[in-house]
Amino acid sequence: MREFIFGTDWWTDCDDLAAMRILLRAHKKGEIKLLGVGINACMEHSAPSVEGFMNLEGVNVIPLGIDLEGTDFEGTHLKYQKNLAPFAVNYKKNEDAEDAVRLYRRLLSESDGNVEIVEVGFLQVIANVLLSGGDDISPKSGLELMREKVKKIWVMAGKWDEEGGKEHNFCNNCRSREGAETFCRLCPVPVTFLGFEVGVNIISGNELLYDDFLYKAFCDHGSKNGRSSWDPLTALLALMGDEETAGYDTVSGKAFVDAKTGRNYFTEDKLGLHKYVKLKYEEKYYAYKINELIN
């Protein structure tokens, strides 16, 4: 069975929730095993609201990790998190969650070496995993653990339709910029990026039932008529496991991020470990696929 770790900023937007629903439902069906969730942005109700969402989805045994220092990103939407937090059982406050870097290191050290990471938020946690040394969890460095235990990483980040593009997950602040630069420079395994330009005009969540707690979260965000689909597209792409099958063309090579500006660059190379995706079909095709999974 394919094993996944899901990384999310779970910050101001609601498309993270749609992505999580896609992965949780696949987990419940036995299609994948979701090993853990790493939260890379920290607001007052982050960990409790993530667990609350999972409990409402009927999944209550997945461990959470969080970056408690990740409090300096832009954005202030708290309403959906506050409304989901009362459904938490084990994570009543952020401090109840494991440190996110330790969670990744522990899950990787315990795995058989076939883990895939789906990252729809900021990259400082994975970057810090890559920079980590041996510890009480494993004598291996984070770079060694990633090389030995991770098969593929699927990332929502970047703007790849222009050289020097700027996108939120890379550019938000110095933490995200430096994390993105480190990740692109050091990551030793294949990475596929789904960029801003891919998901911005694909609207999903506009067919949810009014009594669905996901619809209520979309309304709390101000997106009762649906939201751009960056994160659920990335989750669906990862779940399908193949870019062409999922409906994308790809460009292979090496991605770079400027640590000072967050701007992304790409050098094409057919043998490169990095790819970014381009839509093959009309946007309504992808919106239908997402809505089919989250409704």
Query raised in the report: With charges only on Cβ, +1 for K and R and -1 for D and E, what is the dipole size of the range 1-77 about its Cα centre, in debye, rounded to 20?
Result: 680 debye
Query - Residues 210, 248, 265, 286 arranged by fewest to most Cβ contacts within 10 Å - result: 210, 265, 248, 286
Query raised in the report: Short version: ³J(HN,Hα) in whole Hz for each residue of the range 242-254, in order, from phi by Karplus 6.51 cos²θ - 1.76 cosθ + 1.60 (θ = phi - 60°), x for Gly and Pro, what are they?
Result: 8, 4, 5, 4, 6, x, 10, 8, 10, 10, 9, x, 10
Query raised in the report: Using a simple charge model, +1 on the beta-carbon of Lys and Arg, -1 on the beta-carbon of Asp and Glu, nothing else, what dipole does the chain show about its Cα centre, in debye to the nearest 20?
Result: 260 debye
Report summary line: One would report the Cα pair-distance distribution of the chain, bin width 10 Å, in %, as 7, 31, 39, 21, 3, 0
Query raised in the report: For 146, 1, 20, 240, what's the fewest-to-most ordering of other Cβ within 10 Å of each Cβ?
Result: 1, 240, 146, 20
Query raised in the report: For residue 276, which sequence-distant residues (separation of 5 or more, or a different chain) have an amide H within less than 5 Å of its own amide H, given hydrogens modelled in the peptide plane?
Result: 193, 251
Requested in this report: Rounded to whole Hz and in sequence order, give me ³J(HN,Hα) for the range 220-236 from the Karplus expression 6.51 cos²θ - 1.76 cosθ + 1.60, θ = phi - 60°, writing x for Gly and Pro.
Outcome: 4, 7, x, 10, 5, 9, x, 9, 3, 10, 3, 6, x, 4, 5, 5, 5
Report summary line: Calc'd 3J(HN,Hα), the range 36-50, phi into Karplus 6.51 cos²θ - 1.76 cosθ + 1.60 (θ = phi - 60°), Hz, glycine/Pro = x, comes to x, 10, x, 9, 9, 9, 10, 10, 4, 10, 4, 4, x, 6, 5
**Report entry** Too-long pairs where the Cα-Cα distance tops 22 Å, listed order kept, from 28/159; 152/216; 33/151; 152/224; 151/270; 159/270
**Finding:** 28/159; 152/216; 152/224
Report task. Could you list 136, 258 in order of exposure, starting from the residue whose Cβ has the fewest other Cβ atoms within 10 Å? Result -> 136, 258
Query - Point-charge dipole on Cβ atoms (K/R +1, D/E -1) for the range 235-295, about Cα centre, debye to 20 - result: 240 debye
Report summary line: For residue 260, counting only aspartates and glutamates whose alpha-carbon sits under 13 Å away and dropping same-chain residues fewer than eight positions off, the answer is 178, 181
Query raised in the report: Toward the positive end of the charge dipole of the chain, about the Cα centre and with charges on Cβ (Lys, Arg +1; Asp, Glu -1), which of 87, 126, 294 goes farthest?
Result: 294
Query raised in the report: Using modelled backbone amide H atoms (1.01 Å from N, in-plane), which distant-in-sequence or interchain residues come within less than 5 Å of residue 151's amide H?
Result: 115, 116
Query raised in the report: Based on the Cβ-Cβ distance from residue 242 to residue 207, what FRET efficiency comes out when R0 is 35 Å, to the nearest 0.05?
Result: 0.85
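Values in this text are rule-based calculations from the coordinates and carry no lab data. As the structure is a prediction and not an experimental result, all values here were calculated from the model. Cβ coordinates were reconstructed from backbone atoms using ideal geometry, including for glycine residues, and neighbour counts include every protein chain displayed.
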